[in-house]
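Presented below is the structure to which this report refers.
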Amino acid sequence: MTNAVPQGLSRDDLPLTAAFLIALAATLGALFIGEVMGQMPCTLCWYQRIAMFPLVPILGLSLWRGDGMARLYGLPLALAGLALVAWHSGLYAGILPAPIVPCTESGPSCSGPAQIILGLPIPYMSFVAFAVICVCLILPKGNRT
């Protein structure tokens, strides 16, 4: 039976690898939506990008160097992004009242129909991405015996 883990990558690195790949996919997806599709992000999407985009180099460098610093530097950003997207998802779902919507009259809506890509609401996709990254960074490294 062959080992499915690439050479030089241990099973302990799989959560960090998953977190890196999710952050990379979310970053590339956000850039595609904004730059290729021309959809301007709402205020909360901008704040989520501020939390997501640095995760790519932080997690990638930590994975490459094997220094274990991803949790120290990446988890606060992922948790901040998760808090922001929880608020954004609450606005989108109509749980939070309209008076606290941070988006301006002239800018894109935080909860409008433009927030749907491929039939899925962007806030919900972002919530899943930040939640999985947080779980991957919280998972303990190594085997406990």
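Rule-based calculations on the coordinates, nothing more; no lab input. This structure is a prediction, so every number in the text was calculated from the model and none was measured. All Cβ positions, even for glycine, are placed from backbone atoms using ideal geometry, and neighbour counts span all protein chains on display.
Write down the Kirkwood hydrodynamic radius of the stretch 24-89, to one decimal in angstroms, obtained as one divided by the mean of 1/r over all alpha carbon pairs.
12.6 Å
I'd like the FRET efficiency for residue 61 and residue 93, computed as 1/(1 + (r/R0)^6) with the beta carbon distance as r and R0 of 25 Å, rounded to 0.05.
That gives a FRET efficiency of 0.10.
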